[in-house]
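The structure appears below as structure tokens.
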Amino acid sequence: MAKIIIDGAEVDVPPDYTLLQACEAAGAEIPRFCYHERLSIAGNCRMCLVEVKGAPKPVASCAQQVKDQRPAKDDTLPMVFTKSPMATKARHGVMEFLLINHPLDCPICDQGGECDLQDQSIAYGRGGSRFDENKRAVEEKFMGPLVKTVMTRCIQCTRCVRFVTEVAGVPEIGATGRGEDMEITTYLEAALSSELSANVIDLCPVGALTSKPYAFNARPWELRKTESIDVMDALGSAIRVDARGEEVLRVLPRLNEEINEEWISDKTRYAEDGLKYQRLDRPYLKRNGKLQAVGWDEALADVAMVLSGDPAKIGAIAGDLACAESMKATLDLFRALGSPNIDCRPDGAKLGGARAGYLFNSTIAGLDEADAILLVGTNPRIEAPVLNARIRKAWLRNDARIGLIGARADLSYPYEHLGAGPQSLSSLGGFLDVLKNAKRPMVIVGQGALARDDGAAILRAAASLPVTREGWNGFNVLHTAAARVGGLDMGFIPGQGGKDAKAMLAGGVETLLLLGVDEVELPAKGIVIYIGSHGDKGAHRADIILPGAAYTEKSGTYVNTEGRVQYGRRATFPKGDAKEDWTILRALSERMGKKLPYDDLAALRAKMIQDHPSFGAVSYAPGAAEAFDPAKIGGDGALGSAPFASPIADFYLTNPIARASRTMAECSRLAAERSAAKVAAE
């Protein structure tokens with residue numbers, strides 16, 4: 001630790017702290033535009049100027065470290081002043097310069113009310129300007145369907161440039177020109193292609209980059225803000241849902257250092273308009289080949305009738321977005337009915353058994369320590385973009401060696417391609433030595449490797465790699481479904497003699513209950529009961545539709561890929577006559593004479609924790625807490641020769657909410673055009 005005096009108070013801080021960080025540790029507020037904790041230091045806005053005793057002029061506090069400060073001639077500690085006349089005058093001057101060309105169009109700017117420039121100009125600026133020359137104007141740039149540009153407002157802080165280059169790993173934004181002619185733009189003015197591109201909106205301290213779908217929709221003080229959890233992938237990113245009335249207007253990231261830091265994917269942010277379209281808002285029964293709207297009493301009576309037959313001929317499958325409460329109610333109901341035919345793996349993934357065999361055991365934050373990573377049957381850039389950014393950070397900061405077994409892809413960092421299929425697991429060559437010699441090695445197995453006939457053998461082969469150390473378990477499974485780990489934790493898998501999802505979808509049962517299952521081929525025969533929020537594939541096939549609530553319309557429990565239990569909170573109410581999924585099953589159980597023992601959400605969660613204690617460890621990732629025995633992971637069998645294929649064909653259209661979104665449809669169209677475009681070398 002190093003000692004330094006800030007505004008007359010002596011503080012101890014790490015010597016590699018910048019002066020800005022040291023000042024904030026001492027409780028002093030330092031304005032800034034270009035500086036950001038997760039980006040490299042640019043030092044080009046000069047708003048963070050402070051006075052350092054002995055320095056002839058103000059010092060940019062973001063660009064100097066504590067260890068570089070020299071003591072005074074009388075050997076007193078270095079002294080920094082954040083509120084001295086010199087620092088105050090310097091900030092007045094910087095703010096005056098920044099506003100020379102700013103259009104001052106706050107009343108029509110979407111950043112209004114959330115603008116750093118507004119806040120800091122009031123707190124640290126002068127009362128007027130001495131410049132009366134004409135302001136410059138900059139032509140607008142095209143950055144795709146997500147990011148709206150008003151580049152005349154840009155103050156050239158370069159946060160967006162540094163983010164896409166350093167964090168996203170897709171350097172598509174840069175600066176052209178010099179001095180007054182400097183402009184921030186995309187190369188060839190093409191749409192941004194990164195799955196994390198819209199984070200530049202949050203980073204922009206002014207109104208130069210704003211949300212295009214949200215443009216002119218609302219002011220921040222009109223919105224009701226609800227902290228919740230993302231379900232577009234299995235990371236469980238922390239989000240904030242902003243709603244006005246019964247409509248969700250935007251989704252923003254929340255800070256969570258252990259999962260998403262402060263980033264979210266474009267799908268998480270912009271699929272929210274899919275909550276308005278293709279909604280199921282009333283029960284339906286199929287009569288004479290056509291769906292007809294009915295009341296709840298009639299719909300539940302029909303469901304009770306078709307589920308009251310032979311327990312061996314009824315089954316239930318949970319989809320990718322199902323909350324733990326709905327799966328628990330389904331599990332309890334089918335156990336009461338005597339049916340062992342339940343499954344939470346509609347894609348056929350060979351997962352189950354020991355908990356460490358299906359978790360991301362190293363934890364997501366553990367990626368920051370990794371120095372060797374083997375990816376097996378996964379493309380994390382489209383399966384979990386925020387996690388992919390963590391892997392890139394491990395490559396940048398730890399010089400981590402990365403190997404890939406599977407289809408070649410642009411992952412935004414260099415890697416060694418070790419093969420296309422499972423046979424490569426037994427012939428890693430020099431990369432096996434890399435794993436053996438690494439201090440924090442990891443293997444990440446994706447659903448592209450597990451959702452196949454030899455998935456259990458692949459799982460065991462990956463678990464047998466030398467990636468465990470004292471206090472470190474480097475075996476990880478990367479899920480793509482928000483519901484999967486919660487279902488496995490509560491045992492939502494076939495019981496003794498029960499049929500799995502593959503068998504049920506092939507026609508192994510006469511009546512099938514679907515909890516939002518839309519991503520697989522559904523049986524052509526038999527009776528299908530669909531509980532869900534959108535009119536997607538499952539609803540099109542269904543004989544009985546019971547409208548449920550979307551993830552923003554219910555308080556639900558989700559367990560992320562690392563086994564962390566988190567609570568999503570209701571931001572709006574279900575549409576029309578739709579109800580929360582577990583309440584539908586509770587009403588159905590009473591109708592069938594198998595009344596479930598809970599009448600409210602608190603009682604349901606208490607029963608869930610009582611029966612499955614892991615649900616009581618909220619916001620806790622088990623990591624390497626459990627003993628790891630590779631012999632108990634996966635199963636025996638021969639490894640196939642077919643190459644791995646990603647379970648995600650289109651990143652923007654992976655679930656019913658995203659497929660109903662017009663914004664995601666436009667993003668998907670542009671992505672298809674990019675992949676089809678030929679370059680000169682071809």
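The values are calculated or read from the model by the stated rules, or taken from the named source; none is laboratory data. Everything quoted here is computed from the prediction, not taken from an experiment. All Cβ positions, glycine included, derive from the backbone under ideal geometry; neighbour counts span all protein chains shown. Only protein heavy atoms, including side chains, enter the accessible area calculation; ligands, DNA and RNA are left aside. Shrake-Rupley method; radii C 1.70, N 1.55, O 1.52, S 1.80 Å.
Reported count of residues in the stretch 49-98, each being within 41 Å of the chain's Cα centre (by Cα) and touching a residue at least 60 places away in the same chain (Cβ under 8 Å), is 9. Contact map, the stretch 580-591: residues that are in a helix (DSSP H, G or I) paired with residues that are among the hydroxyl-bearing types (Ser, Thr, Tyr) and open to solvent by less than 30 Å² (accessible area, probe 1.4 Å), Cβ distance under 6 Å, separation 6+ or inter-chain. Pairs shown: Asp581/Ser326; Trp582/Ser326; Leu585/Thr330.
Of the residues making up the stretch 130-170, those that are exposed (fewer than 14 other Cβ atoms within 10 Å of the Cβ) and either in contact with an Asp or Glu (Cβ under 7 Å, 6 or more places away or on another chain) or of a type in the set (Lys, Arg) (or both) are Arg130, Lys135, Arg136.
Ile531 falls short on exactly one of the conditions (1) assigned to a strand (DSSP E or B); (2) under 23 Å from the mean Cα position of the chain (by Cα), and that condition is (2). Which residues, taken from the stretch 444-464, are open to solvent by less than 20 Å² (accessible area, probe 1.4 Å) and either of a type in the set (Phe, Trp, Tyr) or over 27 Å from Glu519 (Cα atoms) (or both)? Selection gives Ala463 alone. Exactly one residue out of Ser228, Ser197 is crowded, with 21+ Cβ neighbours inside 10 Å, of a type in the set (Gly, Ala, Ser) and part of a strand (DSSP E or B), and it is Ser228. Test Gly623 against the stated conditions and say whether it is surrounded by 17 or more Cβ atoms within 10 Å (Cβ to Cβ), under 20 Å from Gln566 (Cβ atoms) and either over 29 Å from the mean Cα position of the chain (by Cα) or of a type outside the set (Ser, Thr, Tyr) (or both). Answer is yes for this residue.
Which residue pairs have Cβ atoms closer than 6 Å, lie 6 or more positions apart in sequence or on different chains, and pair a first residue in the stretch 364-391 that is open to solvent by less than 10 Å² (accessible area, probe 1.4 Å) with a second residue that is charged (D, E, K, R) and in a strand (DSSP E or B)? These pairs meet every condition: Ala372/Arg401.
Being open to solvent by 50 Å² or more (accessible area, probe 1.4 Å), in contact with a Pro (Cβ under 8 Å, 6 or more places away or on another chain), at pLDDT below 95 and over 17 Å from Leu20 (Cβ atoms) is a description that applies to Leu77.
Of the numbered criteria (1) in a loop (DSSP other than H, G, I, E, B); (2) open to solvent by less than 40 Å² (accessible area, probe 1.4 Å); (3) more than 30 Å from Val376 (Cα to Cα), the one Ile545 fails is (1). Counting residues in the stretch 469-488 that are without any contact (Cβ under 8 Å) to a residue 40 or more places away in the chain and not in a helix (DSSP H, G or I) gives one or more. Taken as a whole, the condition of being open to solvent by 30 Å² or more (accessible area, probe 1.4 Å) and either assigned to a helix (DSSP H, G or I) or hydrophobic (A, V, I, L, M, F, W, C) (or both) does not apply to Leu604.
Within the option set Glu189, Glu180, being open to solvent by 50 Å² or more (accessible area, probe 1.4 Å), touching a Phe, Trp or Tyr at 6+ places or on another chain (Cβ under 7 Å), within 21 Å of Thr152 (Cβ to Cβ) and modelled with pLDDT under 95 holds for one residue only, Glu189. Hey, any hits in the stretch 559-569 for a residue that's open to solvent by 30 Å² or more (accessible area, probe 1.4 Å) and touching a residue at least 12 places away in the same chain (Cβ under 8 Å)? Yes: the stretch 559-569 contains one or more residues that are open to solvent by 30 Å² or more (accessible area, probe 1.4 Å) and touching a residue at least 12 places away in the same chain (Cβ under 8 Å). Checked against the criteria, Ser675 counts as over 23 Å from Asp230 (Cα atoms) and either touching a strand residue (DSSP E or B) at 6+ places or on another chain (Cβ under 6 Å) or not in a loop (DSSP other than H, G, I, E, B) (or both). Out of Val434, Val477, Val509, one residue alone is open to solvent by less than 10 Å² (accessible area, probe 1.4 Å), among the aliphatic types (A, V, I, L, M) and in contact with a strand residue (DSSP E or B) (Cβ under 7 Å, 6 or more places away or on another chain). It is Val477.
When Ser412, Ser427, Ser362 are checked against the criterion of being of a type in the set (Ser, Thr, Tyr), farther than 24 Å from Lys632 by Cβ and under 23 Å from the mean Cα position of the chain (by Cα), a single residue qualifies: Ser412.
Can you tell me how many residues in the stretch 322-355 are outside any loop (DSSP other than H, G, I, E, B) and either open to solvent by 20 Å² or more (accessible area, probe 1.4 Å) or not small (Gly, Ala, Ser) (or both)? The number of residues fulfilling the criteria is 14. All of (1) touching a strand residue (DSSP E or B) at 6+ places or on another chain (Cβ under 9 Å); (2) among the polar types (S, T, N, Q); (3) without any contact (Cβ under 8 Å) to a residue 40 or more places away in the chain hold for Ser121 with one exception: (1). Could you tell me which residue of the stretch 114-146 is farthest from Tyr187 (Cα to Cα), considering only residues that are outside any loop (DSSP other than H, G, I, E, B) and touching a helix residue (DSSP H, G or I) at 6+ places or on another chain (Cβ under 6 Å)? Ranking the qualifying residues of the stretch 114-146, first place goes to Tyr124.
Find all pairs meeting these conditions: Cβ atoms under 7 angstrom apart; at least six residues apart or on different chains; first residue within the stretch 157-179 and within 20 Å of Ile382 (Cβ to Cβ); second residue among the aromatic types (Phe, Trp, Tyr) and at pLDDT below 95. As it stands, the answer is Glu172/Tyr187, since those pairs meet every condition given.
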